[in-house]
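Undergrad: Starting off with a structure, shown below.
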Ligand SMILES: O=P(O)(O)OC[C@H]1O[C@](O)(CO)[C@@H](O)[C@@H]1O
């Protein structure tokens, strides 16, 4: 999606909230043998967590991005150096302790085993300070001009001490101020957040199945789930369905499915975060897209997410192969989300 319109429209302020960030320790192995001593081929430690990964992509696409959430005071320097390098503004609330380390064991076959830490304890006072930081950011956007062209992303798991209800209250807080809020989490936090509802979501099939009340193994079931999300008030409903591609439904628009080309996979860790970032970029730049533009937005996001699996870390919007990847990403139209509600009602 290299058109001039997109370039001119880029530059929408985004606040990316990562309640439970991490230092990702990525370890390269020939193959993992559980219960044995394994020798690493490579290792790499990097500031991460879903909202931070999303922020990196958005910043590279030209948006001014602020980060918030909870960061451990003990190892904050590792994060601060990365934020400065990536051009991200730091509005993280500091809490006592060290931010968790998440281990990613990447085998030569492309298989990745994730071992994610629980995270630091967050108390009520820190949560209240985070709410104030979010309010401040929104106040600034509203004072500075175009709140309809900015967004808040809340992404990742909840640290100990933060409940699903508190997560939902953050989504509510943003929506009450008429700011777009995209949510990417899982389990009971996803269920609670969806109830608000947020403006955009990108669960995978397994994550959404709990909410949908049925396994999303068929196209019909996936379309029923998308239709329910749209009916429920979600403006941008995405499902990342692995080999079945990416599905996108919006009110009054046709449901689209994108399939990326087959890739040589190095790491799938940041593919979902990249997809979310590129979709948000697309809808911020084109708030009322034509049918053709919707296809371009989804093609670009899917291709960038495919690019992300070819290396550790999030996708690189400047990658020279992105144009070819877009050309090899197919888009098909499914039934409209409204029509798809003809299936069984959700329990
Ligand atoms: O918050 P969660 O669900 O534990 O996920 C965190 C992990 O997800 C990622 O952001 C990838 O999506 C990793 O960088 C990070 O280790």
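Undergrad: If residue 125 meets every condition in (1) within 16 Å of the ligand (Cβ to nearest atom); (2) surrounded by fewer than 18 Cβ atoms within 10 Å (Cβ to Cβ) apart from one, which number is that one?
TA: All conditions are met except number (1).
Undergrad: Say whether the condition of being outside any loop (DSSP other than H, G, I, E, B), surrounded by fewer than 21 Cβ atoms within 10 Å (Cβ to Cβ) and within 16 Å of the ligand (Cβ to nearest atom) is met by at least one residue in segment 242-259.
TA: yes
Undergrad: Separate question: Please give the strands (runs of 3 or more DSSP E) falling wholly within segment 84-188 in which 3 or more residues are under 17 Å from the mean Cα position of the chain (by Cα).
TA: 151-155, 180-184
Undergrad: Could you tell me whether segment 20-28 includes any residue that is more than 15 Å from the ligand (Cβ to nearest atom) and without any contact (Cβ under 8 Å) to a residue 60 or more places away in the chain? Steps first, please.
TA: Narrowing segment 20-28 to residues more than 15 Å from the ligand (Cβ to nearest atom): 28.
The next check asks that each one be without any contact (Cβ under 8 Å) to a residue 60 or more places away in the chain; those that pass are none.
So far as segment 20-28 goes, no, none of its residues is more than 15 Å from the ligand (Cβ to nearest atom) and without any contact (Cβ under 8 Å) to a residue 60 or more places away in the chain.
Undergrad: If you take the residues of segment 73-83 that are under 22 Å from the mean Cα position of the chain (by Cα) and either without any contact (Cβ under 8 Å) to a residue 40 or more places away in the chain or assigned to a strand (DSSP E or B) (or both), which of them is surrounded by the most Cβ atoms within 10 Å (Cβ to Cβ)?
TA: The residue in question is 83.
Undergrad: Just one of the numbered conditions (1) touching a strand residue (DSSP E or B) at 6+ places or on another chain (Cβ under 7 Å); (2) part of a helix (DSSP H, G or I); (3) modelled with pLDDT of 95 or more is not true of residue 282; which one?
TA: Failing condition for residue 282: (1).
Undergrad: So, residue 287, is that one under 20 Å from the mean Cα position of the chain (by Cα) and over 24 Å from residue 166 (Cα atoms) or not?
TA: The answer is yes for residue 287.
Undergrad: Does residue 203 fit the bill of being within 20 Å of residue 52 (Cβ to Cβ), touching a helix residue (DSSP H, G or I) at 6+ places or on another chain (Cβ under 9 Å) and at pLDDT below 95?
TA: It is true that residue 203 is within 20 Å of residue 52 (Cβ to Cβ), touching a helix residue (DSSP H, G or I) at 6+ places or on another chain (Cβ under 9 Å) and at pLDDT below 95.
Undergrad: Let me spell it out: the conditions are (1) modelled with pLDDT of 95 or more; (2) over 13 Å from the mean Cα position of the chain (by Cα), and residue 309 meets all of them except one. Which number is the exception?
TA: Against the list (1) modelled with pLDDT of 95 or more; (2) over 13 Å from the mean Cα position of the chain (by Cα), residue 309 comes up short only on (1).
Undergrad: Any chance segment 53-73 includes a residue that's under 19 Å from residue 160 (Cβ atoms) and away from the ligand (no atom under 16 Å from the Cβ)? Lay out the reasoning, then the answer.
TA: Going through segment 53-73, the residues under 19 Å from residue 160 (Cβ atoms) turn out to be 68-73.
Retained after the next criterion (residues that are away from the ligand (no atom under 16 Å from the Cβ)): 73.
Yes; the residues of segment 53-73 include at least one that is under 19 Å from residue 160 (Cβ atoms) and away from the ligand (no atom under 16 Å from the Cβ).
Undergrad: Looking at (1) out of contact with any helix residue (DSSP H, G or I) (no Cβ under 8 Å at 6 or more places or on another chain); (2) within 14 Å of the ligand (Cβ to nearest atom), which one does residue 45 not meet, given that it meets all the others?
TA: (1)
Undergrad: Could you say whether any residue in segment 263-272 is modelled with pLDDT of 95 or more, more than 15 Å from the chain's Cα centre (by Cα) and either within 30 Å of residue 47 (Cα to Cα) or surrounded by 16 or more Cβ atoms within 10 Å (Cβ to Cβ) (or both)?
TA: Within segment 263-272 (the criterion being modelled with pLDDT of 95 or more, more than 15 Å from the chain's Cα centre (by Cα) and either within 30 Å of residue 47 (Cα to Cα) or surrounded by 16 or more Cβ atoms within 10 Å (Cβ to Cβ) (or both)), the answer is no, since none of the residues qualifies.
Undergrad: I'm checking my understanding of the structure. Among residues of segment 207-220 that are touching a residue at least 12 places away in the same chain (Cβ under 8 Å) and under 29 Å from residue 328 (Cα atoms), which one is surrounded by the fewest Cβ atoms within 10 Å (Cβ to Cβ)?
TA: Ranking the qualifying residues of segment 207-220, first place goes to 217.
Undergrad: What residue, among those in segment 309-338 that are without any contact (Cβ under 8 Å) to a residue 40 or more places away in the chain and in a helix (DSSP H, G or I), is farthest from residue 240 (Cα to Cα)?
TA: Looking at residues that are without any contact (Cβ under 8 Å) to a residue 40 or more places away in the chain and in a helix (DSSP H, G or I), I get 324.
Undergrad: I've got another one for you. Which of the residues spanning segment 288-307 are more than 21 Å from residue 185 (Cβ to Cβ) and either touching a helix residue (DSSP H, G or I) at 6+ places or on another chain (Cβ under 7 Å) or buried (at least 23 other Cβ atoms within 10 Å of the Cβ) (or both)?
TA: 289, 297, 298, 299, 300, 302, 303, 304, 306, 307
Undergrad: Same structure again: Can you say whether residue 275 is within 22 Å of residue 150 (Cα to Cα), modelled with pLDDT of 95 or more, out of contact with any helix residue (DSSP H, G or I) (no Cβ under 6 Å at 6 or more places or on another chain) and surrounded by 19 or more Cβ atoms within 10 Å (Cβ to Cβ), as far as the supplied structure shows?
TA: no
Undergrad: Further, regarding this structure: With the checklist (1) at negative phi; (2) without any contact (Cβ under 8 Å) to a residue 60 or more places away in the chain in hand, flag the one item residue 87 doesn't pass.
TA: (1)
The values are calculated or read from the model by the stated rules, or taken from the named source; none is laboratory data. All of these numbers come straight from a predicted model, not from anything done at the bench. Neighbour counts are summed over all protein chains in view; Cβ atoms, including those assigned to glycine, are modelled from backbone coordinates with ideal geometry.
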